[in-house]
Each structure stands twice: as C-alpha cells, then as structure tokens.
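Here the structure is laid out as structure tokens; the discussion comes afterwards.
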Amino acid sequence: MMVADSPSPPTATVPVARRGFDVAPLIVAVVVVALDQATKAWVVNTLGAPEARNAITLIPGWLEFRHDQNTGAAFSNFQGQNAFLIILGLVIIGGLVYYYRALPKGRPALQIAVGAVLGGAIGNIIDRVRLGHVTDWIHFFHTSSFNFPTFNIADSCISVGMIVIALYLFFFDRPAQK
C-alpha cells in the first residue's frame with residue numbers, strides 16, 4: 001500500500017533580533033560639527049586673516065590660539081589636494097555609516113568614538129567645500145626647536161575617536177581563543 005506524502009508542516013520563522021536605531025553616535029556627530037564650526041567662526045572673527053598673525057597666548061610656549069589655513073591633511077600632508085581629501089573624507093564617512101549600523105549595543109565609548117570621528121570628518125569637509133581649506137587654530141607645544149602642527153576641534157575628535165575605535169577592535173572585538 002502506498003502512502004501519499006503528507007505535506008510537511010510549515011517552517012516557523014524565527015524572528016531576527018534587529019539592532020535598534022541608536023541615535024547616540026548621530027547626536028555626538030552633530031554636536032562635534034556644531035562645536036567645530038562655531039569655534040572656527042570665532043577664530044576667523046576674533047583673530048582675522050592668518051596673515052595678520054594675531055594670536056591669543058594662554059600658556060607661553062605651550063598653548064595659543066591662532067588662525068591657520070591648511071590645504072592638506074594631518075601634519076600638513078597632501079597640501080593642495082583638496083578634491084582628493086574631500087573624496088577621501090566622503091569614503092571615510094561612508095565606512096563609518098556602514099560600521100555604525102553594526103555597532104554592538106552596550107559599548108557607549110565606541111558609539112561616542114564613531115560619532116566623534118563622523119562629526120570631525122564632516123566638519124573638515126564643510127571647510128574644504130566652503131573655503132577650499134581647513135581652518136586650524138589650536139597651536140600646542142611650540143618652541144624654537146619644535147613646533148607641533150596647528151589643529152582644530154574636528155582634528156582632535158578624529159584622532160581621539162580613531163584611537164578609541166582601534167583600542168576597541170584590538171582588545172574587545174576579538175574572537176575568544178581556545
């Protein structure tokens with residue numbers, strides 16, 4: 001006697017736990033952009049053109065505010081490569097947005113770091129598109145024999161944020177070893 005194949009029971013779909021949309025990195029990015037652009041506007045309005053060589057010395061030889069224009073990247077690399085640096089910045093922003101979607105919950109330092117790098121990149125791109133250069137103004141540790149490059153809030157957020165992300169990836173995002 002042949003038995004007809006009975007239809008198989010419908011397979012139950014297991015709901016996939018989707019990571020909720022976390023606004024913390026976006027809030028950090030917006031705050032960084034606002035602070036960066038506000039401080040740059042303050043520098044331009046207070047100190048005038050870079051050629052004026054006006055400065056506000058806070059700690060002689062250690063910290064002053066002055067208006068510099070940088071057509072390059074960190075430590076004045078890639079001078080005059082504005083189009084390349086805009087494209088590079090957009091690629092970095094794209095990578096951060098992609099990474100943002102995969103951020104693990106419960107890692108607020110990582111979320112803040114991603115937001116800081118994102119905001120810093122956007123702040124410097126705004127300058128590059130609007131002005132053709134980045135406005136730098138924090139001049140730290142300068143002596144007759146050593147002169148640390150001038151930087152801004154966006155640069156600081158990018159640097160610190162990337163260090164935090166690197167530390168996270170190196171120390172916390174590693175598969176458990178047997």
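Could you check segment 107-142 and list, in sequence order, the residues that are in a strand (DSSP E or B) and under 19 Å from Leu35 (Cβ atoms)? Val134, Thr135, Asp136, Trp137, Ile138, His139, Phe140 - these are the residues of segment 107-142 that are in a strand (DSSP E or B) and under 19 Å from Leu35 (Cβ atoms). Where residues in segment 29-85 are of a type in the set (D, E, K, R) and part of a helix (DSSP H, G or I), which of them is surrounded by the fewest Cβ atoms within 10 Å (Cβ to Cβ)? Out of the qualifying residues, it is Glu51.
Checked against (1) open to solvent by 50 Å² or more (accessible area, probe 1.4 Å); (2) of a type outside the set (Ser, Thr, Tyr); (3) outside any helix (DSSP H, G or I); (4) within 22 Å of Leu118 (Cβ to Cβ), Pro104 passes all but a single condition, namely (1).
Can you tell me how many residues in segment 122-147 are open to solvent by less than 10 Å² (accessible area, probe 1.4 Å) and under 17 Å from Val30 (Cβ atoms)? Break it down into steps so the answer makes sense when it comes.
First pass over segment 122-147, keeping only residues open to solvent by less than 10 Å² (accessible area, probe 1.4 Å): 123, 127, 134-136, 139.
Then keep just the ones that are under 17 Å from Val30 (Cβ atoms); that gives 123, 127.
Residues in segment 122-147 being open to solvent by less than 10 Å² (accessible area, probe 1.4 Å) and under 17 Å from Val30 (Cβ atoms): 2 in total.
Which of the residues that make up segment 86-101 are surrounded by fewer than 16 Cβ atoms within 10 Å (Cβ to Cβ) and in contact with a helix residue (DSSP H, G or I) (Cβ under 8 Å, 6 or more places away or on another chain)? Scanning segment 86-101 gives Ile86, Leu90, Val97, Tyr99.
Would you confirm whether any residue within segment 85-103 is farther than 22 Å from Val44 by Cβ and among the basic types (Lys, Arg)?
First, pick out the residues of segment 85-103 that are farther than 22 Å from Val44 by Cβ: 87-88, 90-103.
Now narrow it down to the ones that are among the basic types (Lys, Arg): 101.
Looking through segment 85-103, at least one residue is farther than 22 Å from Val44 by Cβ and among the basic types (Lys, Arg).
The single condition from (1) open to solvent by 40 Å² or more (accessible area, probe 1.4 Å); (2) touching a residue at least 24 places away in the same chain (Cβ under 8 Å); (3) not small (Gly, Ala, Ser) that Thr150 fails is (1). For segment 19-37, the count of residues that are modelled with pLDDT of 95 or more and either over 15 Å from the mean Cα position of the chain (by Cα) or within 28 Å of Thr143 (Cα to Cα) (or both) is nonzero. The sole residue among Tyr100, Tyr168 that is closer than 18 Å to Val23 by Cα and aromatic (Phe, Trp, Tyr) is Tyr100.
The values are calculated or read from the model by the stated rules, or taken from the named source; none is laboratory data. Predicted model, so just to flag it, every value in this text is computed and none were measured. Glycine gets a Cβ as well: all are built from the backbone with ideal geometry, and neighbour counts include every protein chain shown. Surface accessibility is based on the protein's heavy atoms, side chains included, excluding ligands, DNA and RNA. Shrake-Rupley method; radii C 1.70, N 1.55, O 1.52, S 1.80 Å.
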